[in-house]
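See below for the structure under consideration.
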Amino acid sequence: MKGVYALMIAAALLGGCKRGGGGGNYASATETLNALVKPGANHAALTASWRPKPEDYEAVFQGDAAKKVKDAMDPAWDGGKVVFDPKPEQTELHLVDATAEQLAKGEGPAAACPGGWKDAAKFLKPNTKMFCFRFVKPGEKLGYSGDGLVWVNGHWAIFPKAWRALK
């Protein structure tokens, strides 16, 4: 009987896993962002698929900060101004993930994220892990940057430069 329960639990866990884009880990973030550099990628549609849902703001930001970020970002989303659009030759992804605590200190992987997150990190929920990224030409270090990718409520959402709303 224990074996049957173990199989049922394993099946339930495996059934809940999604291949590609699920789980919020580094590999999933890499796969999600690399969709932008696939030939024929629709940058506007991909970016729009990462638009935070209203409840995502409250899951990522504390207190009044959730409303401030949502109010600041909604017009840009509504106007189609949020589009991640690396150049065709920028095919190499540099990606880091940083916790709210690392962002607040500006240390470790957070050093690769925009400095604005150092002050704004205090508005993030403590267990938030944020991904910052850069698309570059192979062999180069500078390129097209982005930040604010978060796995929240079972999906990817992006809060680009949300720190600007929290100054």
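Computed quantities for the displayed model
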{"read-out": "Footprinting exposure proxy for Leu33, Leu103, Leu95, Leu124 (fewest neighbouring C-beta atoms within 10 Å first)", "value": "Leu95, Leu33, Leu124, Leu103"}
{"read-out": "Residue order, fewest to most surrounding Cβ atoms within 10 angstrom, among Asp147, Asp71", "value": "Asp71, Asp147"}
{"read-out": "Entries in Lys68/Lys161; Lys70/Lys118; Lys38/Lys67; Lys70/Lys105; Lys125/Lys167 that, when Cα-Cα distance is taken, lie over 23 Å", "value": "Lys38/Lys67; Lys70/Lys105"}
{"read-out": "Cα centroid separation - the range 147-167 against the range 82-130, whole Å", "value": "9"}
{"read-out": "For the range 69-145, size of Cβ-based charge dipole, Lys and Arg +1, Asp and Glu -1, in debye", "value": "160"}
{"read-out": "Fewest-first ranking of Arg164, Arg134, using other Cβ atoms within 10 Å as the exposure measure", "value": "Arg164, Arg134"}
{"read-out": "Between helix 2-16 and the chain: long-axis angle, C-alpha atoms, 0 to 90°, nearest 10", "value": "30"}
{"read-out": "Rel. contact order, % - alpha carbon contacts under 8 angstrom, at least six apart, the chain", "value": "24"}
{"read-out": "Computed helical MRE - 222 nm, the chain, DSSP H runs ≥ 4 contributing -39500 (n - 2.57), nearest 500", "value": "-11000 deg cm²/dmol"}
{"read-out": "Phe84 long-range amide H proximity, modeled H, under 5 Å", "value": "Thr47"}
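FYI, it's all coordinate maths here, none of it is from the lab. The shown structure was predicted, so the numbers you read here are calculated from the model rather than taken from an experiment. Every residue, glycine as well, gets a Cβ built from its backbone with ideal geometry; the counts of neighbours run over all protein chains shown.
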